[in-house]
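The values are calculated or read from the model by the stated rules, or taken from the named source; none is laboratory data. Just so you know, these numbers come straight off a predicted model, no measurement behind them. Positions of Cβ are generated from backbone atoms using ideal geometry, with glycine treated the same way; all protein chains shown enter the neighbour counts. All accessible areas refer to the heavy atoms of the entire protein, side chains included, with ligands and DNA or RNA removed. Shrake-Rupley method; radii C 1.70, N 1.55, O 1.52, S 1.80 Å.
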Amino acid sequence: DAGITQSPRYKITETGRQVTLMCHQTWSHSYMFWYRQDLGHGLRLIYYSAAADITDKGEVSDGYVVSRSKTENFPLTLESATRSQTSVYFCASSELRAAAYEQYFGPGTRLTVT
Amino acid sequence: AQSVTQPDIHITVSEGASLELRCNYSYGATPYLFWYVQSPGQGLQLLLKYFSGDTLVQGIKGFEAEFKRSQSSFNLRKPSVHWSDAAEYFCAVGADNDMRFGAGTRLTVKP
C-alpha cells in the first residue's frame, strides 16, 4: 500500500535496552523526519534526513540515533532507553526539498520504557 | 528560529456551533503556515496550508483559516462543528528549512 508506515505500533521495553522504531514510505519523498509527541509539548523534532545518507539533528536528539541507507527507510534507534523516552513517536515525510513544507505522517509508535 | 503558540489547550463546543482555534507565530517574515488534525490513535492529517496569496484559505472537512500578518495569526474556523470533528488540532510554522508545531488544542464536541 502506498503511504508511510511505522512498526511496531506499540512497544514496551526496559530501561537500558536498545530499541529500534521502523519507518517506511512508498512515495520516494526526499525528506523524512522523526518526532516525539508529549503532552503539553506538541511535536518535537528528533532527527531529519534530506536524502539517503544525509541526516541532521533536531531539537531533542540526545539519546537517539538514525540512519538512512535507502530513501524509503528511516529507522530510529534508542541506544539505551530511559523512562524519559516514553512517548509517542511519529515518522513523517515531505516531497519537497525543504523541511518547511507540508509533511505526511505515519500512524505513530507508542513506546513505553519501564 | 520561528515559534508557534496555541493559547487554548482545550475547547468544548456544541455540535452545530461555530468554532475558532487560535494560532500565533513568531517569525521575522511570512512563514509557511499549516493546520493539522489528529484523531485519537492516528497520525496527523493536513487540513490546510498557507504559502502566499489570498489570506483566507479553504481546507478539507469544511475548515478555513485566515492569515493576518498584522496580528501574526493564523486562526482556524469552521461555521458548524460536527461530532466527528472532535480531535487534537495542531498549528505549524515552516521557515528556514525548519518546521515547528504548536502544543495543540484538543476539541471536544458536545451533543
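Sort out for me the Cα centre separation of region A:28-44 from region B:1-63, rounded to whole Å.
Spelled out, the Cα-based centre of one part sits 17 Å from the other.
Rounded to the nearest 0.05, what FRET efficiency do A:E14 and A:A51 have when you use their Cβ-Cβ distance and R0 = 41 Å?
0.75
Excluding same-chain residues fewer than 8 positions from B:K61, which lysines have a Cα within less than 30 Å of its Cα?
B:K49, B:K78, B:K110
If you roll a 1.4 Å probe over chain A with all protein chains in place, what percent of the accessible area is carbon or sulfur?
On the way: 2560 of 5500 Å².
Accessible surface attributable to carbon and sulfur in chain A totals 47 percent.
So which residues of region B:1-22 lose at least 30 Å² of accessible area, probe 1.4 Å, when you go from the chain by itself to every protein chain present?
Listed by number, the residues meeting the 30 Å² cut-off come to none at all.
Rank these by accessible area, largest first, 1.4 Å probe: B:K78, B:K49, A:K57.
Final ranking, largest accessible area leading: A:K57, B:K49, B:K78.
Between A:T112 and A:T77, with labels modelled 7 Å along Cα→Cβ, what's the label distance in nm to one decimal, could you check?
The two pseudo-label positions are separated by 2.6 nm.
What is the distance, in nm, between label points placed 7 Å from the Cα along the Cα-to-Cβ direction at A:E95 and at B:I60?
Spacing of the two 7 Å Cα→Cβ label points: 1.3 nm.
What are the semi-axes of the equivalent ellipsoid of the protein assembly as shown, taken as the square roots of 5 times the eigenvalues of the Cα gyration tensor, listed largest first and rounded to whole Å?
The three semi-axes for the protein assembly as shown are 30, 20, 16 Å.
Give me the Kirkwood hydrodynamic radius of region A:21-114, using the inverse of the mean 1/r over all pairs of distinct Cα atoms, in Å to one decimal. Each step should come with its number before you reach the end.
On the way: mean 1/r = 0.0756 Å⁻¹.
With all distinct Cα pairs of region A:21-114 included, I get 13.2 Å.
Over the heavy atoms of A:T5, what accessible area does a 1.4 Å probe trace out, to the nearest 10 Å²?
In the full protein context, A:T5 sits at about 80 Å².
Take B:R106 and B:S18, extend 7 Å from each Cα along the Cα→Cβ direction, and tell me the distance between the two endpoints in nm.
Computed distance between label sites B:R106 and B:S18 equals 2.7 nm.
Can you work out the PRE-style zone for B:R69? Point 7 Å along Cα to Cβ, and I want the residues of region B:15-49 with backbone N under 17 Å.
B:25-33, by backbone N distance to the label point.
Could you tell me the total accessible area buried at the A-B interface, probe 1.4 Å, in square angstrom to the nearest hundred?
It comes to approximately 1600 Å² buried between A and B.
With every protein chain kept in place and ligands, DNA and RNA left out, what is the accessible area per residue of the protein assembly as shown? Probe 1.4 Å, answer in Å².
Per-residue value: 48 Å².
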